[in-house]
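The values are calculated or read from the model by the stated rules, or taken from the named source; none is laboratory data. Quick caveat: nothing in here was measured; it's all calculated off a predicted structure. A quick note on method: Cβ atoms are made from the backbone with ideal geometry, for glycine too, and the neighbour counts reach across all protein chains shown.
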Amino acid sequence: MTKKRTGVFVCHCGTNIAATVDVARVAKEMAGEDSVAFTKEYVYMCSEPGQESVVQAIKDNKLDSIVVTCCSPNLHEKTFRDNAKRAGINNFTCEIANIREQCSWVHNDKAKGTEKAIKISRSVVRRVNRNQPLESIAVNVTRRAMVIGGGIAGIQAALDIANAGVEVVLVEKQATIGGRMLQLSETFPTLDCSQCVLSPKMVELKRHPKVKLMTYSEVQELAGSVGNFRVKILKKPTFVDPDKCKLCDECTAVCPVVVPNEYEINLTTRRAIYIPYAQSIPASYTLDESTCLGLNPVVCGKCKDVCEADAINYDMRPETVTEDVGAIVVATGFDLYDQANMPEMGGGKVEDVLDGLQFERLCSASGATGGHILRPSDHKEPKNVVFIQCVGSRDPAKHCAYCSKICCMYTAKHAQLYKHHVPDGRAYVFYIDIRSGGKGYEEFVQRTMEDNDTLYLRGRVSRLYRHNGKVRVLGTDTLSGQNVEIDADMVVLALAMVPSKGTTEIAKILKIGRDKDGFLAEAHPKLRPVESVTGGIYLAGAAQAPKDIPETVAQAGAAAAKVIALLSQSTLSRPPLIAKVRPSHCTGCGMCVDACPFLAIRLENGKAIVNEALCEGCGSCSATCLRAAIDVKNVTQLQIFEMIEACLA
Amino acid sequence: MSEQQNYEPRVVAFLCKWCSSAGSDLAGVSRIQYPANATPITIPCTGAVSPMYILSAFNKGADGVLVSGCHIGDCHYIEGNFLARRKMHLIMELLEFIGVEPNRFRMSWVSAAEGAKFAQVITDFVDDLKPLGPQEKLKKAERA
Ligand SMILES: Cc1cc2nc3c(=O)[nH]c(=O)nc-3n(C[C@H](O)[C@H](O)[C@H](O)COP(=O)(O)OP(=O)(O)OC[C@H]3O[C@@H](n4cnc5c(N)ncnc54)[C@H](O)[C@@H]3O)c2cc1C
Ligand code: SF4
Ligand code: SF4
């Protein structure tokens, strides 16, 4: 091996590194390494002059490899590899030593921090010493996209992608697209009708020549990687042919099965055969297999008998469909925090205590009460309503630690809607703070308080229970220091927004990370807010964090733009850090073949052979091979052994 | 006892790039302080950790070795951490067999979202290593 000429560039990161790591000493120690021909420290290596100095130093000193000791490789590995390339050397001979996140920021003791920074830097210098110049692998791109989740986030993302001329498959779990927005009545801060703005988009999506809509379907499996994913989808049978269904509603009239209607959040009932909403897309009925008496003319068969359009077919079966796409947007939305976790709020068992979405359905003209606010217990108009904010939010000890962000706004909206429906009624709002950042939002809340004469009480509710046909609410008003007791006709809880069950499921299937609260994790909180950590998988909407419709739409547009940019490339480059066999050492034992999770290795003439298109570079093979005959390029066993040595020197 | 209190165990920490290494980044971003005893080596997957790495670390004078990866079921490479877990049980047995305290070796599951947990794992491991004193059994004699 000819001796390397490595340059080491030590960044101060202002004082972020320099305050707790003696950067001059790190540079000096590295200068003592055999392979190091040049060292430099600088206050901001990633600044324009910093980057220029790297390029210049490579050229001036004929360096063949560089180590930048700075922040996490997630931030600037690409920056400095690009610089290496600009300076005329191979980008894979550049490596990052993370002495900020993994060192200076977590150790206040400068002496110890410096020692550790030296070990980290030295181990990376040793690794680079054996790095090979590599070329990225070019792969073709499948110019199609998939959107998972058909709420407003998914609809917007799919439309934006389709309008750019790229084919999109939208997979929605429910029998209709629309998501939560289809359940809302009016929306803050303008009070425009939710369905009126959403339905045209749903119809546009349905008719779009570039969109393939798959409702009542679930993603089951993902294979491949950015540019070339293969997705397996289960299409559940609806037992109704949407092309034949005339929406006459004859079937529901005869179906004998009555079950709670989940689309109306159990405020009403539906039949085993049903249509979620009048605005459903696809506009067709669905037969819910789990509640139907048996899909069997002998047992029941009433719906099939009555359907003149002959749209009902009991012989439909689940179907597995495979779609190839180059990029994926995940937009699987949110659920409300489960009231069962909150016995102090009645645990979901106290009559006339509703959640926010149920209140939306009461206000909605298409809802169970035809848009009249009537309380569930006796269908009377409630003359006083208590709205409680932050239920389950901002409570790290017992419930969710975070702020659900939109409840202040929708509670103000609910109070206004209530006063519009019941002008002589009284609305109370329990709140901790009012958070109304957003265009026109603060003004909206002020209007609720002033024009709509709503009584805002600052404080938490400690308990509520049924009392004399009403709901007794016990709380405190922390401004006056008084205990408050209200006998309310109805109570509405602004429950925390949590990741939907479908979000949890899809994260497991796609292997994308979630944050500490279970929302989908973005690749970087500031700079890469719509990307997951996995290349080619993007995030949009409330599945990523609580957010309102304007923010959801903006994020969906951003995710779509990322997809379009990705798919506008004819080829993508895949990192070449994949496995390589040394045939001279391989005995053909086949251990690696069994260890590889991607079935990328086969034996041929008694030697292991790696399929470069399939290998993901996980390294499972190299950890298994007893002969050290297989290694991942630039993360070889020899390199790791030398890194270990450097860490303990 | 006072000798043990001054003694600083030397730890090599193999961190999976997709989870624990990102978790250590998060600990950094959140400025959570933890002992500086563990030097990280980022690897593509815990499945890539050969038992030889662990023995080699002890051989070169490590007092403790940590392997930290994704939670079971969350492996970026489908089942890498599963393989790792199986291998690591073998390592524990092997260490015991050759007379090294098996708890000098530890495996943990830290996701990219668990910065505080990462810091805690290191803190606990260092605390637990201190009473064991320096690891001499596998350490090669200093080369002259
Ligand atoms: C009571 C209440 C009132 C609100 N009022 C307003 C308002 O006035 N103004 C405003 O701006 N915002 C309001 N919001 C917020 C608004 O509802 C959300 O911003 C919006 O619905 C988020 O859209 P989304 O597409 O991200 O998620 P969702 O609407 O939750 O849609 C997600 C979709 O994905 C589907 N899905 C889930 N998992 C899977 C899976 N694994 N596979 C396939 N599909 C899946 C779901 O079935 C659903 O159709 C309100 C929210 C609540 C709770
Ligand atoms: S495990 Fe090693 S020796 Fe066995 S087939 Fe694979 S590369 Fe060859
Ligand atoms: S690194 Fe080895 S085990 Fe991993 S995908 Fe490639 S060939 Fe398979």
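Here are the numbers:
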| item | result |
| --- | --- |
| Residue within region B:38-57 that is closer than 21 Å to A:Lys112 by Cα, at the interface with chain A (Cβ under 9 Å from one of its Cβ atoms) and part of a loop (DSSP other than H, G, I, E, B) present | no |
| Those residues of region A:609-619 which are over 15 Å from B:Ala84 (Cβ atoms) and either assigned to a loop (DSSP other than H, G, I, E, B) or near ligand 3 (Cβ under 9 Å from one of its atoms) (or both), in sequence order | A:Val610, A:Asn611, A:Glu612, A:Ala613, A:Leu614, A:Cys615, A:Glu616, A:Gly617 |
| Whichever residue in region B:1-53 is among the charged types (D, E, K, R) and within 18 Å of B:Arg106 (Cβ to Cβ) and, among such residues, is modelled with the lowest pLDDT | B:Glu8 |
| Candidates A:Ile506, A:Ile537, filtered to the one that is under 26 Å from B:Glu114 (Cβ atoms), near ligand 1 (Cβ under 9 Å from one of its atoms), modelled with pLDDT of 95 or more and within 14 Å of another protein chain (Cβ to nearest Cβ) | A:Ile506 |
| Total residues in region A:543-596, condition away from chain B (no Cβ under 14 Å), assigned to a helix (DSSP H, G or I) and either away from ligand 1 (no atom under 16 Å from the Cβ) or buried (at least 20 other Cβ atoms within 10 Å of the Cβ) (or both) | 15 |
| Residue that is touching a residue at least 12 places away in the same chain (Cβ under 8 Å) and more than 7 Å from chain A (Cβ to nearest Cβ), where the choices are B:Leu15, B:Leu83 | B:Leu15 |
| Residue count, region A:620-641 (criterion: assigned to a helix (DSSP H, G or I), more than 7 Å from chain B (Cβ to nearest Cβ) and near ligand 3 (Cβ under 9 Å from one of its atoms)) | 2 |
| Test result for A:Glu41, within 14 Å of chain B (Cβ to nearest Cβ), buried (at least 17 other Cβ atoms within 10 Å of the Cβ) and among the charged types (D, E, K, R) | no |
| Members of region A:45-88 that are surrounded by fewer than 17 Cβ atoms within 10 Å (Cβ to Cβ) and assigned to a loop (DSSP other than H, G, I, E, B) | A:Ser47, A:Asn61, A:Lys62, A:Gly88 |
| Of all residues in region A:19-32 being in contact (Cβ under 8 Å) with a residue 24 or more places away in the chain and in a loop (DSSP other than H, G, I, E, B), the one that is surrounded by the most Cβ atoms within 10 Å (Cβ to Cβ) | A:Val21 |
| Selection count, region A:161-210, where residues are more than 14 Å from ligand 1 (Cβ to nearest atom) and over 16 Å from A:Ala556 (Cα atoms) | 11 |
| Selection status of A:Asp352, more than 16 Å from ligand 2 (Cβ to nearest atom), free of Cβ contacts under 8 Å to residues at least 12 places away in the same chain and farther than 27 Å from A:Ala545 by Cα | no |
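Residue-wise test of (1) under 28 Å from A:Gln416 (Cβ atoms); (2) under 21 Å from the mean Cα position of the chain (by Cα); (3) within 16 Å of ligand 2 (Cβ to nearest atom).
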| position | (1), (2), (3) |
| --- | --- |
| A:Pro318 | no, no, no |
| A:Ala327 | no, yes, no |
| A:Ala331 | no, yes, no |
| A:Phe359 | yes, no, no |
